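These notes concern the structure reproduced below.
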Amino acid sequence: MITQVKKKRLRLYKDRLNILLDIAQTINQDHTVEDLLGEFEILLREELEVGKILVFTNSDGEWKNLLISGVSAAEVEKIDVEHDLLQFKSIENITLAPPEPLQGFDAVIPLFHRYRAIGYVLIGDVEEEHQGISPTIKHLKLIQIISNLIIVFIENKRMQETILEQEALKKEMEVASRIQTQLIPGEDELPKHRKLSLHSFYHPHWGVGGDYYDIIPLSKSSVGFCVADVSGKGIAAALLMSNFQAVIRTLFTSGINLKKLVHQLNVRVNNSANNEKFITMFIGKYNLRSRRLTYVNAGHLPPLLFDSRKSHLSSLDKGCIGLGMLDVNPSVELGKVIIPKNAKMMAFTDGLIELERDNEVHSGLTKIEKIISNGHDMETNMEEAKALVSRYIESGAVFDDISLIGMEFK
């Protein structure tokens, strides 16, 4: 025979089961977070007669208020999650002796997901003078189950949105990478000349980068070339470099004086970068008939020039400070070199020689000097340099973009 007590208990279990089913159905219908929290608030206040509700949740390492109902702003401000709530590892009734910041609440319900605290629910009664067991105490376990369902749902939804955002960003980066790669000439797009062997290599560290190189036929007897590096990394550096590439292609003509060109480029970089970034650059013009190289090194790593007949290695370092460092470049020194036959030159960005090992930056310049100084032709030297870079990448030593051009003057 079913007693009245058993009937009452069965009704209670049935009511609780229906509540859980309603919450599960709401979650499965993939409502917005705001709608779900609204349902949660109505459930606690109207169905379970909870007067005060305060929900904290952890998002990206920061504790935030997810729901405030029946709680004053002054009560919320008093609570420091790190100091006042992290100590609670299980449901705790604090009715009799609440900590001072938690006065006015009857229970603390910690919420965990994969052994990590992701939320805390504080509940309390508005009317302290009530008959029988407080609703907040009577329904503690049920409130914890419902709270966990909702908070885990919100956490999973946030993670799903983050994944979608990351996928969208990844696709945008892939498009940007393809566009940038099209702006930088591949080896098969370099000018061809019987007196000049040209080679190149490009490796953006993050898909898009702030490195740039170009080799431009200026006339039948002259070739211009440039290697440049924007301070910083990522999209901002890539955008500035794309703009810089367009400016170079517009201004770099056969008749322009390199000093004048550098001053013009400095103005353009200042206008584009708003004093937030600068560009180091090596720019040169080579006359195929006179074998004369004129150049300006604007704060860039000096390219290496190797005279194979004399086995002499030199650096091309004459020039000025980087572009965009000052509103006006105070002085620009023009470098002039007569290139001997069979000489080789390598111009590169710092990603080629600045390498990371044991959390420290080490120089790989010596290995590049050995490569260009050996008796092989430039095509072989470039293959040796690429193989070296591959080993660096595999070991995790590379942390920046890499651009490299190789020239052999026949």
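The values are calculated or read from the model by the stated rules, or taken from the named source; none is laboratory data. Quantities reported herein were computed from a predicted structural model and do not represent experimental measurements. We place every Cβ from the backbone using ideal geometry, glycine too, and count neighbours over all the protein chains shown. SASA here: full protein model, heavy atoms, side chains in, ligands and nucleic acids out. Shrake-Rupley method; radii C 1.70, N 1.55, O 1.52, S 1.80 Å.
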Is it fair to say residue 280 is under 28 Å from the mean Cα position of the chain (by Cα), polar (S, T, N, Q) and open to solvent by 10 Å² or more (accessible area, probe 1.4 Å)? yes
Identity of the residue in region 84-108, more than 15 Å from residue 55 (Cβ to Cβ) and in contact with a Phe, Trp or Tyr (Cβ under 7 Å, 6 or more places away or on another chain), that ends up least open to solvent (accessible area, probe 1.4 Å): 94
Can residue 268 be described as of a type in the set (Lys, Arg) and more than 24 Å from residue 406 (Cα to Cα)? yes
Filter region 334-361 down to residues that are in contact (Cβ under 8 Å) with a residue 24 or more places away in the chain and open to solvent by 40 Å² or more (accessible area, probe 1.4 Å) and give me whichever is nearest to residue 209 (Cα to Cα). 354
If we ask which residues in region 383-404 are over 17 Å from residue 313 (Cβ atoms) and in contact with a Phe, Trp or Tyr (Cβ under 9 Å, 6 or more places away or on another chain), their number turns out to be 6
Here are some conditions: (1) open to solvent by less than 10 Å² (accessible area, probe 1.4 Å); (2) modelled with pLDDT under 90; (3) touching a Leu at 6+ places or on another chain (Cβ under 9 Å). Residue 401 meets all but one. Which one does it not meet? (3)
Flag for residue 39 being touching a helix residue (DSSP H, G or I) at 6+ places or on another chain (Cβ under 9 Å), open to solvent by 90 Å² or more (accessible area, probe 1.4 Å) and not aromatic (Phe, Trp, Tyr): yes
